[in-house]
Amino acid sequence: MTTVTAADRRTVIRLVLWVFALYALTMAGRVVSGDGETMFQTTRAMVEREQLSIDQRPEAAVGRGGRYFSKYGLGQSVVQAPFVMAGRLIAVIAPPQSPPDLPARFLVGLTNVLVTSVGIGILWMIAKSNGSGSRGATGIALATATTTLLWPYSRADFAEPLQATALLAALLAGLILHEKVLGNRTRAGLGPKSTTKWGLAVGSAISVAFLTKAASLILAPAIVIPVLVTAWYLALAGTSTPSRRGLTGAIALLASVGLPVAAAGTGQALLNWHRFGNPFEFGYGDEPSTGFTTPLFDGIGLLLWSSGKGLVWFALPAAVGCFLQVWLVRRKPIIAVVALSVFGTELWYFSRWWAWHGDWSWGPRYLYVTVPFLMLGWIAPLLAWPRWHWTFKTVTGLVAIAVAGFGFYVNVLGVAIDYGAYYSVVGNQLGRGVDVRDARTVPPFSPLLGHQWLLQASLFEVFGPSHKPAENPYRYRYPWAMAFPELVPEAPERAYGFDLWWAARRGTSRFLDYWASLSAIWIGVVVAKHLPTLFRLGDNEPARTVPTTPKAS
C-alpha cells in the first residue's frame, strides 16, 4: 500500500460524503421489500422489546415456542438499530404520525445509503493503492456508484450492500497486511503484533459479512488470498524452505484471521439454537439441501445475459470489468485473482439455486456483491494509459464513456421507478400474482423496457397538459403490446410516479411537501456543485503502483 497522504484523506472523505448526498437525494425513504420489512421488524423487536421474535410473515419461520423469527442474519438489523432509535425519538417530539413508526421507516432508508457510501470509499482506497492514481480511483469509484447495481440497491433494504462493504473492507485489510510484509521481507520492524492486528481486521470484516448473510462464507477463501500469500512469505522468512520461526508467524497470522470467524460461527450457532432449537437451522428448512435445482449452465446464462436479470444489461461496466481482470492479472495478480474468484464462486453457487433471480428485485441481485470487485478491472487500462498513443486513448475513452453512459441510464431507470410497481403490473394486473417469471426471460417484459415505459408515462403525468390517466398517451404503450396484445393491464396508472422520497407522497401534507422539496433542492445543488471538486485533489499526483509480488526463491 502506498502511503496515505492528506490529499488522499480529503479526497476519500469528500467522495463518501458526495455519494452519500446523491444516494440520500434518490432514496425511497420507506421499507421497500418483504425481506426489508422482516429485518425492520426484527430491529424494532430488539430495540423496543429486547427480543428477536416478530409477527407472522412469509419471510419468517416458526421457531421455538411457536414464535416467528426472521430467517436472515442479524447484521442488517443491528446496523439499522441506530436509525430506528432516532426515528422513535423523532416520533416522540414530532406531531402524531400515521403510521406511528413512519419516522423510523424513513430513517431506515438511510442504512444502505450510508453502508454503500462507505463501501465506495473503501473501493477508492483499493484502486488508488494499486496504481490507478487519485483521479483514476475517483473515476472507478464514481462509475461504480452511479452506473452499476450499487445505486438502485442503496435505496433498497436488502442485506447485500452490507455484505459487499464488509468483504471489501476485508480485502483492503488483507492488502495492507500483504504490503507491510512485502515491505519488510526480513521482518525487521514488523513484529507479530502488526501482522495479527491486520489479520484480526480481515477476520472481523469477514465475520460481519457472515453474520449479515451466511452464504458469505463461501467467499471467504477468495477474500483471504492476500493473507494466504502473506502467510507463505512469512513461513519462508527469506529462505527457500519454511523455517520454524517463519511457520510460527504464519500460523499466528492465520489464527488471527480464523479467531473472529470462529467466534462469529459460534454466535450464529447460538442464535440458531435460540430461534429454532438447532444450531445448524437457519430457518430455511431443507432448502439448503434441496434448493439447487437449476441446471448449472442454464443458471449461468440467465444471470449473465437474460433480458430481465442479465449482468450485462444491468451492470455493463462491471461486465466489461470482468474481461479487464484477465488483462489486470499480469500487473496486479492478487487483485485480479480475488475478483475473479469472488465472481466465479457467486456465479457457480447462485446459478444452481432455484431462486437464482432473487425476485422481487432489480437485476441480478445475487451477483450484486461481485460488482465492486469486478469494477477493479478498470485499473488495468489506467496502468497502461501513459504508454498509449493518443488515437488509442481517444477510442478507448469514447468506448468507456459509452459503456458508462449506458450503465448510468439503466440504473437511473432503477432509481426513478419502483421495481415493485412494475412487477405489480406484470404479475398482479396480468393475473399471475407474485410470479413475474416473464419479466426475467421474455424480452418484451424486461424491466428495462418496463421502467422506460413507466418513466415516460410518469413524466407525462407530471409535465403533460392533462393529468387524467385516461388521457395519458403512454397508458397502453406497454412494451409487450405488440407481442402479446391479449395481455392488457387493468390499471397501469397505479404504477405511475417517481419513487423518490420527496416526490412519492405529494399532496399528503402541504407542510411536508414544502420542506421535502426544499431539502431535495438543497441536496441536489450540493451534489451538482461538489462533483468537479472530487477530481481536483491529487490532480498533480502521479499514479503509483504497489511493488509486484516477487517469485519465491
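Surrounded by 24 or more Cβ atoms within 10 Å (Cβ to Cβ), over 26 Å from Ile401 (Cβ atoms) and within 21 Å of the chain's Cα centre (by Cα): which single residue out of Leu150, Leu162 fits that description? Break it down into steps so the answer makes sense when it comes.
On the way: Leu150 fails: over 26 Å from Ile401 (Cβ atoms).
Criteria check complete, one pass: Leu162.
Return only the number of the condition from (1) touching a strand residue (DSSP E or B) at 6+ places or on another chain (Cβ under 8 Å); (2) surrounded by 15 or more Cβ atoms within 10 Å (Cβ to Cβ); (3) of a type in the set (A, V, I, L, M, F, W, C) that Val62 does not satisfy.
Of the numbered conditions (1) touching a strand residue (DSSP E or B) at 6+ places or on another chain (Cβ under 8 Å); (2) surrounded by 15 or more Cβ atoms within 10 Å (Cβ to Cβ); (3) of a type in the set (A, V, I, L, M, F, W, C), the odd one out for Val62 is (2).
Using the structure shown, decide if Glu490 is under 13 Å from Val426 (Cα atoms) and out of contact with any helix residue (DSSP H, G or I) (no Cβ under 7 Å at 6 or more places or on another chain).
Judged against the criteria, Glu490 is a match.
Taking Thr345 as the residue in question, decide whether it is free of Cβ contacts under 8 Å to residues at least 60 places away in the same chain and out of contact with any strand residue (DSSP E or B) (no Cβ under 8 Å at 6 or more places or on another chain). Give the steps one after another, and end with the answer.
Working: free of Cβ contacts under 8 Å to residues at least 60 places away in the same chain: no; out of contact with any strand residue (DSSP E or B) (no Cβ under 8 Å at 6 or more places or on another chain): yes.
Criteria not met by Thr345.
Here is a list of conditions, (1) hydrophobic (A, V, I, L, M, F, W, C); (2) modelled with pLDDT of 90 or more; (3) part of a loop (DSSP other than H, G, I, E, B); (4) surrounded by fewer than 17 Cβ atoms within 10 Å (Cβ to Cβ), and Leu500 meets all of them except one; can you say which number that is?
Checking Leu500 against (1) hydrophobic (A, V, I, L, M, F, W, C); (2) modelled with pLDDT of 90 or more; (3) part of a loop (DSSP other than H, G, I, E, B); (4) surrounded by fewer than 17 Cβ atoms within 10 Å (Cβ to Cβ), the one that fails is (4).
Among the residues of segment 456-497, what is the count of those that are assigned to a loop (DSSP other than H, G, I, E, B) and of a type in the set (Gly, Ala, Ser)?
Taking segment 456-497 first, the residues assigned to a loop (DSSP other than H, G, I, E, B) are 464-468, 472-491, 496-497.
Checking the rest, the ones that are also of a type in the set (Gly, Ala, Ser) come to 464, 466, 481, 483, 491, 497.
Residues meeting the conditions: 6.
Could you grab me the full set of residues in segment 419-455 that are at pLDDT below 95 and outside any helix (DSSP H, G or I)?
Result: Gly427, Asn428, Gln429, Leu430, Gly431, Arg432, Gly433, Val434, Asp435, Val436.
Which condition breaks for Val312 when tested against (1) farther than 15 Å from Gly358 by Cβ; (2) more than 17 Å from the chain's Cα centre (by Cα); (3) in a helix (DSSP H, G or I)?
The failed condition is (2).
Does any residue in segment 374-397 that is assigned to a helix (DSSP H, G or I) come within less than 6 Å, Cβ to Cβ, of a residue that is charged (D, E, K, R) six or more places away or on a different chain, and which pairs are these?
Pairs that qualify, where the first residue is assigned to a helix (DSSP H, G or I) and the partner is charged (D, E, K, R), are Leu383/Arg331.
I'd like the residue in segment 363-420 that is within 27 Å of Leu303 (Cα to Cα), surrounded by fewer than 16 Cβ atoms within 10 Å (Cβ to Cβ) and aliphatic (A, V, I, L, M) and, out of all such residues, is farthest from the chain's Cα centre (by Cα).
Here the answer is Val399.
Taking segment 84-99, which residues are assigned to a loop (DSSP other than H, G, I, E, B) and hydrophobic (A, V, I, L, M, F, W, C)?
So the first thing to find is which residues in segment 84-99 are assigned to a loop (DSSP other than H, G, I, E, B), and the list is 94-99.
Passing the criteria: only Ala94.
Quick check: anything in segment 9-32 of a type outside the set (Gly, Ala, Ser), over 20 Å from Ser154 (Cα atoms) and modelled with pLDDT of 95 or more?
No: segment 9-32 contains no residue that is of a type outside the set (Gly, Ala, Ser), over 20 Å from Ser154 (Cα atoms) and modelled with pLDDT of 95 or more.
For segment 231-248, state whether one or more residues are surrounded by 20 or more Cβ atoms within 10 Å (Cβ to Cβ) and either at pLDDT 95 or above or within 30 Å of Phe158 (Cβ to Cβ) (or both).
Taking every residue of segment 231-248 in turn, none turns out to be surrounded by 20 or more Cβ atoms within 10 Å (Cβ to Cβ) and either at pLDDT 95 or above or within 30 Å of Phe158 (Cβ to Cβ) (or both).
Residue under question is Arg14, and the condition is that it be in a helix (DSSP H, G or I), basic (Lys, Arg) and under 30 Å from Leu177 (Cβ atoms); does it hold? Talk me through it step by step, then tell me what you get.
Values: in a helix (DSSP H, G or I): yes; basic (Lys, Arg): yes; under 30 Å from Leu177 (Cβ atoms): yes.
So Arg14 fits the description; yes.
I'd like the full set of residues that are over 23 Å from Trp501 (Cα atoms) and assigned to a helix (DSSP H, G or I), limited to segment 29-69.
Of segment 29-69, the ones over 23 Å from Trp501 (Cα atoms) are 42, 45-69.
Of everything in segment 29-69, those that are over 23 Å from Trp501 (Cα atoms) and assigned to a helix (DSSP H, G or I) turn out to be Thr42, Ala45, Met46, Val47, Glu48, Arg49, Arg64, Gly65, Gly66.
Out of all the residues in segment 218-236, is one or more out of contact with any Ser or Thr (no Cβ under 9 Å at 6 or more places or on another chain), over 15 Å from Gly174 (Cβ atoms) and either among the hydroxyl-bearing types (Ser, Thr, Tyr) or in a helix (DSSP H, G or I) (or both)?
no
The values are calculated or read from the model by the stated rules, or taken from the named source; none is laboratory data. Only a predicted model underlies this, so the values are computations on that prediction, with no experimental measurement involved. Using ideal geometry, Cβ is built from the backbone for each residue, glycine included, and neighbour counts are taken over all protein chains shown.
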